[in-house]
């Protein structure tokens, strides 16, 4: 199957348009990125995913920039290229500098290395961590 | 092969002891966790890994708590149980509250979901993200 | 190294041709997709892989469409783009509708999210599940 | 950090109790498994996750058993032991026989093998699949 | 579902016994490890998997010890604890020393780190590698 | 964010040039591949990663070809396309023949399959492997 057809606003059903409008209002932009246009092929998944993202990425105990950097960390670990590209852009918009990006990648690379060392040496969890 | 034998300070070679001492001094503790005691079976990997971690986790463009939470995010994504246990403990020590942990996990779960949705819908990277 | 050279029928060794013929006969098609043409660089792996797939994907306790959708679920989780493209096409040929594809992706996305929540909350397996 | 404390119904806040009651009513059971009791430490994640699962796993274009088997396929691929145990149990309850489980695992194993063969041979996606 | 019931030789069907006997003859041992006893619940998967392993792990262009170490590398990357334990034991039996194990783990850890760095910096493949 | 800008020798800071010179001297080549040019955006990560790779890939208990093949095995398992391309090229330069590559891929594919079978059958680790 080809890559998903992208649903443009002009051709979208009302329920899709409503989500697009909420995305644009929440993000203060007039642009919808391809991820949402692809999900719009399934309006129920589009709505559920957007509602969850909106709730999770809203201000809370963690600041929005930290959340975006965590999103990047997961996406890099999963080697998801769309996700790396889009969330790195989002993190930059929220203030991630080059220096911060570089440190982020150093931590992510290191964590992926030590995760395997812990597995291979079959390290028992310390009592203090239980 | 059984889980790795743990090298205690009392039985350690001088080069291992030197690393243990640096770990304890850097972390202001008199305790060495099992990960290092397992790596000590290979003193070169022990030293290299510790030197890298010390450099990467030191204060820089990102604060130490943010770094620990990123470490947790990667470890959860890789489902490495030792790493989840030890870095969650480290993040708590640096000030991660319950509310922060819960938000962190919500972001990590969500990122793992949308990473798969992006893959399955074979979403093209937007020009704006290139 | 470049991407694998593709072995066309015209230039194939007899043992490779025999597998190609079995693929075309089994699938009632006169077309061989690139995966097999790439594996044909190693005739033993070509034969073994085809024999296993033929046995596993044949009618059995699960119907062929369910099997293809499970194949897609695994390929999406592994973010293998060739595999997503080819097995989504195969599932469609066996009757997967748009609505089924969308539900499939919703389940796969959700499973990838809750897998990480289970890991991060370090949930003990219930006695009832043991 | 220790594994998450489990929140029992008796000690739960009203908003957690409301979710527990919906889980028990939907599943026609008087039992809450540990996953939900662990998530209940974060009532917002508990509610959001349960609402999503309830929507996604409800009857639709795919039957509930197929959905559970897809959940198992993803969980096995991610090597998430809690998830394998709980969703295998759920699939059995919905009618998965031993023969079906065995075929499911054969497909999952095979998909994980061919995903790596496709990656390593760097196979180009066929025009027909685009 | 509980962990799989293990099928002992004494209670095994003739087709399972035949595979067990071939395993013991090929490996010159009178012992069957749990992996095969679990797979024996599905005799077709038992036979297919054993036949594939026997063919792939036999002497060829790579020596048997190298093959076992590659098996360990994959198992560590996937964090599969049974597989790490059993293939590390197999590699040791074929001559892997402590020094070799330690170097193996250093390479595996490093590869997992640089894999993420390559992903995050979105490095274009050099012309020379195509 | 676009793919990383590549730092060419002519425009590089002295500390980056020093690493480039060491790479070229160690590898007896006058060519720097894109991975290093991308990492050069973060000179500290460039230096640390190169120093680690140089130490780990140097002659030791394992020969350099075996190490490169293990690197390929991990990269295929992680589906990191840059890493597969570059380390397959490196392994070929060190003497990996077509036959060796094919066997390597057969082992990697098989290991990824049996890793999932071990997970799904929830196999207990044998006493002999502990």
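The values are calculated or read from the model by the stated rules, or taken from the named source; none is laboratory data. Quick caveat, the model's predicted, so the values are computed rather than measured. Positions of Cβ are generated from backbone atoms using ideal geometry, with glycine treated the same way; all protein chains shown enter the neighbour counts.
Structure data summary
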{"read-out": "Residues within the range B:55-72 that are within 20 Å of residue B:36 (Cβ to Cβ) and crowded, with 19+ Cβ neighbours inside 10 Å, tallied", "value": "6"}
{"read-out": "Test for residue C:107: is it under 21 Å from residue A:80 (Cβ atoms) and in contact (Cβ under 8 Å) with a residue 24 or more places away in the chain", "value": "yes"}
{"read-out": "Failed condition for residue F:5, given (1) in contact (Cβ under 8 Å) with a residue 12 or more places away in the chain; (2) within 14 Å of chain A (Cβ to nearest Cβ); (3) surrounded by 19 or more Cβ atoms within 10 Å (Cβ to Cβ)", "value": "(3)"}
{"read-out": "Members of the range C:89-117 that are closer than 24 Å to residue D:89 by Cα and surrounded by fewer than 19 Cβ atoms within 10 Å (Cβ to Cβ)", "value": "C:100"}
{"read-out": "Selected residue [farther than 30 Å from residue C:61 by Cα, without any contact (Cβ under 8 Å) to a residue 40 or more places away in the chain and either in contact with a helix residue (DSSP H, G or I) (Cβ under 7 Å, 6 or more places away or on another chain) or buried (at least 22 other Cβ atoms within 10 Å of the Cβ) (or both)] from E:86, E:120, E:75, E:52", "value": "E:120"}
{"read-out": "Residue match in the range D:9-23 (condition: within 20 Å of residue C:126 (Cα to Cα), at pLDDT 95 or above, outside any helix (DSSP H, G or I) and more than 15 Å from the chain's Cα centre (by Cα))", "value": "yes"}
{"read-out": "Those helices (runs of 4 or more DSSP H) lying entirely in the range D:24-130 with at least 1 residues at pLDDT below 95, at the interface with another protein chain (Cβ under 7 Å from one of its Cβ atoms) and in contact with a strand residue (DSSP E or B) (Cβ under 6 Å, 6 or more places away or on another chain)", "value": "none"}
{"read-out": "Which numbered condition residue A:33 misses (of (1) without any contact (Cβ under 8 Å) to a residue 40 or more places away in the chain; (2) surrounded by fewer than 22 Cβ atoms within 10 Å (Cβ to Cβ))", "value": "(1)"}
{"read-out": "Given (1) buried (at least 19 other Cβ atoms within 10 Å of the Cβ); (2) under 17 Å from the mean Cα position of the chain (by Cα), index of the condition residue C:42 fails", "value": "(2)"}
